[in-house]
Amino acid sequence: MDPGCGGGLARIDEAHSVGIDNCDWVHDGFRQAVAAQPNSVHKVRVTTAFGHVPTNYASPANDFVDEFISEILATNPAKPFY
């Protein structure tokens, strides 16, 4: 469990009050923001068992990022990144 989401810690009050764990509570705002954007290219991918900031080393999270960038570049945008 990721200690950044409260792994090994008691469930925070906000998460407890809505019946979810700490990681789900932390990421729910991101999920809601992405869901509220029509035709958004953004995605929320939550990994477990890979620790905090799993893109800092080889892990499946790197594949998620590569997929995301490849999908954007496949549409051939003029300036996808600045």
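Here, each number is a calculation from the coordinates, and none is a lab measurement. If you're wondering where the values come from, they're calculated on a predicted model, not measured in any experiment. With ideal geometry, Cβ positions are generated from the backbone for all residues, glycine too; neighbour counts draw on all protein chains shown.
Details
- Computed log10 I(q)/I(0) for the chain at 0.16, 0.19, 0.24, 0.25 Å⁻¹: -0.77, -0.97, -1.19, -1.23, from the Debye equation with unit scatterers placed on every C-alpha and solvent omitted.
- For a label point 7 Å along the Cα-to-beta-carbon line of S70, residues of the range 26-64 with backbone N under 12 Å: 63-64
- Mean residue ellipticity, 222 nm, helices only, the chain: the sum of -39500 (n - 2.57) across DSSP H runs of n ≥ 4, divided by residue count and rounded to 500, is -12500 deg cm²/dmol.
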